[in-house]
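First the structure, in the form of structure tokens, and then the observations on it.
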Amino acid sequence: MTMWHRMIPKLVLGIAAIALVAAAPAGAKVEGDTIIIGSAISFSGKYSTNGIHASNGYNLGVKRINEMGGVTVGGKQYKLEIKYYDDESTPLRTAQLFERLIKQDKIKFLLGPYSSATTKAAAKITEKYKIPMVEAEGASRSLFTQGYKYLFAVLSTSEQYLASSIALAAEIAKKNGRDPSDVKVAMAFENDPFSLDVRAGVIDDINKFNMKIVVDDKLPRDLSDMSATLIKVKALNPDLLLISGHSKGAATAARQIKELQIDVPLIAVTHCEAAKIVDKFGASTNDFLCPTQWAETLSYTGKYFGSAADFDKLFKAEYEGYKNVPYQAAQATAAVLVWKEAFERANSFDTEKLRDSLAETNMQTFYGNIKFDQTGKNIAKPMVLRQIQDGKFNVVAPTKWASHPVNWPRKAQ
Amino acid sequence: MANLELLFSIAPVLNIQLVLSGLFVGAIFALAAYGLALVWGVMNVKNLAQGELVIMGGYIAWWLSIDVPVWIGIPAMDFRLFWIDFLPISVPAVAFLEFMKPAIHPILGLPVAMVVMFGFGWVIFKLIICRVIDKDLFTSLLATFGLALVIQQLLNLAFGPEVQIAESGFAIRSFFGGMVTVADIKFICLVLAGILAVVVVTFMKYSRMGQAIRATAQDPRAARVMGIDTERVYAFTFSLNAAICGAAGALISMVWVIQPFYGMAHSIRAFVIVTAAGLGNLPGVIIAGLGLGVAEFYSGFILGAVLQQFTVVGLLVLVLGVRQIQQSRHRQPVR
């Protein structure tokens, strides 16, 4: 009896506290003249480096829009603000936090987390509550095959990562008077969801040109050596070698292509920059092709930041310690711009109207053009290929955006 | 089967490349397996942190080989350590740091890694391993698995999750019109792995400590009765294992890549080799290591990279099966 008596005040207090927490942020989506957008992103854990890049990008987008007068809805000017949580790089936490943003904080406008895995977790929640989310950091193809209606992605999806290298190889073959169907392709992809997405995109394009696949190896995740595959490449003399296996794959490939003196005229590798292969292997990585979402040398322009180069300059001035602006930051900023235009087009804070307005997005930005298809992915911006030319990353494909001609054939160093 | 044709009729010279690559890979794996066989055989501790000790050795060699100012990103020349301002001399921080920690070639980092890892092994033994030697199998598995996780996270905190490599800068030789290439560093690794193996075998055979280790492995109680300080023998064995792992790691940083979480692959490989070779069979470990390396390369070439590791584990199952049948013939029912 006495124990219960002692516990009653605590219980009452506890219930009151819960009620307070639940009641306080009601209607927090728009407070006074501020629109609050919510996001959970990786400030700690294994994605923290890129999570911080992305949040810097979001913040710069918000700052710029507020400086330019904010967002006009129903004739009234609003400022933007972002409410962040740290998802600790774990999808489970991301799902909890998005639920919290929607249910507890009553936020109706969302920006995505960092990485495909966490975005997948977030998308399940946003679909459940029918709250639109613009994401900038989840590239996995499987995000766009679920029939999600409230998910919009500004970046190019993973199956596009190396696809443009196939078009480039076909272009080169034609220029040399050969039929693209004569082109022989060797592929080495890590056996993980991301790399297999990349592979699926490549296979589609290879079939389009009717090219021949001479090597198609899937590398186990903990394989530390790919020379068996590369020796096969050496024997079969393909015209194009494609490699995708995160930083480990890029570093191992760069090292062993050098050691085995693999002499393939065109080599494309994902994650060249993350693996810092130029710093580590120098001239032997010359003429590698590396895909990227965005580069500051591209001739994209938009009304908020001017050109890609202007954004690059502004970002470096705003945040210390950046030698290069990572594309993760640029695309995060682009996601904020998408929200701004969607608010103004919808002229409302109704989530259904906003969803339809987001679906109609068709804009030019410093990050590239943005236009969503039915599944919510951006179909207006291609993946660009940069070639390592004397240690510098120069855009060589697609031809429309190229700043330098492609070096072909590549010489083994 | 197109791959078989390629290998045996179109470009038979590739066989040389495959065998060589397999031997290079096998030699390094054999080294880590060698340490495991020692610890397993002498102390009956199945060390699941074997791969993490290897990766740690790799980080030591890598860290010694880099320019610290470049790594932590100190801008060149214009930065001074604050306390140097009070001294009559002024030294730019970059020069100071380079003086304090010069960049050492990773080959020279190898002995350093061995020494540091020997010390680390001793500390780990005193802290953890000595408490689990006489416990059952699962205690030692759990303890070393926990140790593996702790080492992974500490390396992650210290050096970040990025993939790192140490560059030897050595030449690459090519033979048969470029069809066969040998990186000098890999050849050096093979030789170093060989030398280390010979040194350890000689040590075990002829030195007092080596004899004590073997005596303890045979019968710890009898060894204690004969006046051998078995506790010290255990500590030395575990430290020796850590040192061997350190050497393997330093070599791995020069031929593959290191990352805080890549230890597990090396642990598994070491277990496979030791199990295939049999405990207490040190020459067997070396032969099994080299053989598995070559087998792995052939299967990678012929069956594709997906089945490369499958082959290694498949061979293990085969070896165990054959051995089971052999032994069952010798077994006699007790009457």
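The values are calculated or read from the model by the stated rules, or taken from the named source; none is laboratory data. All of these numbers come straight from a predicted model, not from anything done at the bench. Cβ atoms come from the backbone with ideal geometry, glycine included; neighbour counts cover every protein chain shown. Calculation scope for accessible area: heavy atoms of the full protein, side chains included, ligands and nucleic acids excluded. Shrake-Rupley method; radii C 1.70, N 1.55, O 1.52, S 1.80 Å.
General observations
- Note on chain A: with a GNM built from Cα contacts shorter than 10 Å, the maximum mean-square fluctuation among A:311, A:366, A:281 falls on A:281.
- Radius 15 Å from Cβ of residue B:262, net charge of other residues (Lys, Arg +1; Asp, Glu -1): -1
- Positive-end residue, chain A charge dipole about Cα centroid, Cβ charges, pick of A:191, A:123, A:282: A:123
- Choice from B:238, B:145, B:99 showing the highest fluctuation, given a GNM over chain B with Cα pairs closer than 10 Å: B:99
- The charge dipole of the protein assembly as shown, taken about its Cα centre with unit charges on the Cβ atoms of Lys, Arg (+1), Asp and Glu (-1) only, comes to about 1520 debye.
- Each Lys and Arg Cβ is given +1 and each Asp and Glu Cβ -1; about its Cα centre, the range A:229-331 then shows a dipole of about 300 debye.
- Calculated FRET efficiency for the pair residue B:222/residue B:202, C-beta based, R₀ 25 Å, to 0.05: 0.55
- Normalised by the number of residues in chain A, the mean separation of alpha-carbon contacts (under 8 Å, six or more apart) gives a relative contact order of 17 percent.
- By a 1.4 Å probe calculation restricted to protein chains, residue B:4 has an accessible surface near 60 Å², given to the nearest 10.
- Label point 7 Å beyond Cα of residue B:313 along Cβ direction - residues of the range A:185-210 with amide nitrogen under 18 Å: A:190-193
- Efficiency of FRET between residue B:287 and residue B:4 - r from beta-carbon atoms, R0 35 angstrom, step 0.05: 0.85
- Solvent-accessible ranking of A:141, B:232, largest area first, probe 1.4 Å: B:232, A:141
- A dipole drawn for chain A from +1 and -1 charges on Cβ atoms has a positive end, and of A:269, A:245, A:358 the residue lying farthest that way is A:358.
- Under-5 Å amide H pairs with residue A:216, H placed in peptide plane, nonlocal only: A:187
- Accessible-area value, residue A:404, 1.4 Å probe, nucleic acids and ligands omitted, Å²: 70
- Residue A:408 - accessible surface, heavy atoms, 1.4 Å probe, Å² rounded to 10: 100
- Cα gyration tensor, the range B:221-300 - rounded (a/c under 1.5), prolate or oblate: oblate
- The listed residues A:345, B:208, once ranked by accessible area (1.4 Å probe) with the largest placed first, stand as B:208, A:345.
- Taking A:163, A:317, A:332 in turn, the Gaussian network model of chain A (Cα-Cα springs below 10 Å) assigns the largest fluctuation to A:317.
- For the protein assembly as shown, pairs of C-alpha atoms spaced more than 49 angstrom apart make up 27 percent of the total.
- Across the range A:60-153 the C-alpha pair distances fall into 5 Å bins from zero in the proportions 3, 14, 22, 22, 17, 12, 8, 2, 0 percent.
- In sequence order, the range B:40-47 has phi-based couplings of 5, x, 7, 10, 6, 10, 8, 7 Hz under the Karplus curve 6.51 cos²θ - 1.76 cosθ + 1.60, θ = phi - 60°, and Gly or Pro positions carry x.
- Overall form of chain B per C-alpha gyration tensor (a/c, 1.5; a/b vs b/c): oblate
- Sequence-distant residues sharing a close amide H with residue A:135 (under 5 Å, placed H): A:112, A:152, A:153, A:154
- Overall, chain B carries a charge dipole of about 1460 debye about its Cα centre when +1 sits on the Cβ of Lys and Arg and -1 on the Cβ of Asp and Glu, all other atoms neutral.
- Calculated FRET value between residue A:222 and residue A:49, using beta carbons and R₀ = 25 Å, to 0.05: 0.65
- Average beta-carbon neighbours from other chains, 10 Å sphere, peptide A:231-239: 5
- Here's how it looks for residue A:82: its modeled amide H is under 5 Å from those of A:37, which are all 5 or more places away or on a different chain.
- Averaging the sequence gap over all C-alpha pairs within less than 8 Å and six or more residues apart, then dividing by the number of residues, gives chain B a relative contact order of 37 percent.
- For chain A, the longest principal axis of the Cα atoms and the long axis of helix A:193-209 meet at an angle of about 50 degrees.
- Beta bridge orientation in chain A: antiparallel %, DSSP, nearest 5: 40
- Gyration tensor verdict on the range A:214-294 (Cα atoms; rounded if a/c is under 1.5, prolate if a/b is larger than b/c, oblate otherwise): rounded
- Heavy-atom SASA rank of A:116, A:156 (probe 1.4 Å, accessible area, largest first): A:116, A:156
- Among B:6, B:174, B:118 - extreme Cα towards positive end, dipole of chain B, charges at beta-carbon: B:118
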